[in-house]
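Heads up: the structure comes next, in structure tokens.
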Amino acid sequence: MLNMIFSPQILAIFTEVFTEVTFNLYASIVRWNNGIYINLTEQIHNFVLTSYLLYHITRVMFIVWACETSKNQAIKISTTIYDVSNSTNNDQIRNELRLFSLQVLHRDNTFSAKGFTIDATFLRKMIGTITTYFLILIQFLIATHTCDKKVNITELSN
């Protein structure tokens, strides 16, 4: 039920964070590559950009943490149900607890957003993908600046 309700919002958040982090990091590298200017406006811009990126990163980390913790607690609740079931003397309560434990064991206790399982491995994959795209963009940046240089014919013939 939660997967159906919150799946589009979580997917939108992760897509937004992915694009914001990747392209804001790239924009800061482009500014740094064009020359470092130390003035108040640039310092304020860097502070705001860093705060903005930290906000997005912590938001994703909290979402992943909540999903991971909920999944782990759902796994642990089945053993707790058995402990309570074994300690009770009422047959009706014991029967209800066994039915509930069967439901818990047969349900998939993972959170997903349109096919993406939200857990710690997803966070690791997202960080790896951002790093990969960031490195590709840096390579394009280096390639475009190497094409800007003037070529000296006499240096090529030596």
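None of the figures in this text is laboratory data; all of them are computed from the coordinates on show. Keep in mind the model is a prediction, meaning the values are calculated, not measured. Cβ atoms come from the backbone with ideal geometry, glycine included; neighbour counts cover every protein chain shown.
By count of other Cβ within 10 Å, fewest leading, how are I29, I44 ordered?
In increasing order of surrounding Cβ atoms, one gets I44, I29.
Can you put H45, H56 in order, fewest other beta carbons within 10 Å first?
H45, H56
Over the range 19-141, the pair-distance histogram of Cα-Cα distances with 10 Å bins from zero comes to 11, 26, 22, 16, 11, 9, 5, 1 percent, rounded to whole numbers. The charge dipole of the range 1-96, taken about its Cα centre with unit charges on the Cβ atoms of Lys, Arg (+1), Asp and Glu (-1) only, comes to about 140 debye. In summary, the helical segments of the chain meeting the span-like criteria, namely a full DSSP H run, a Cα extent along the axis of 24 angstrom or more and a mean Kyte-Doolittle hydropathy of at least 0.5, are 2-34, 120-147. Return, ordered by residue number, the residues of the range 41-65 whose backbone nitrogen is under 13 Å from a label point located 7 Å along Cα→Cβ of I29. None, by backbone N distance to the label point. Each residue in D119, D91, D83 was given a count of other beta-carbon atoms within 10 angstrom of its own, and listing them fewest first yields D91, D83, D119.
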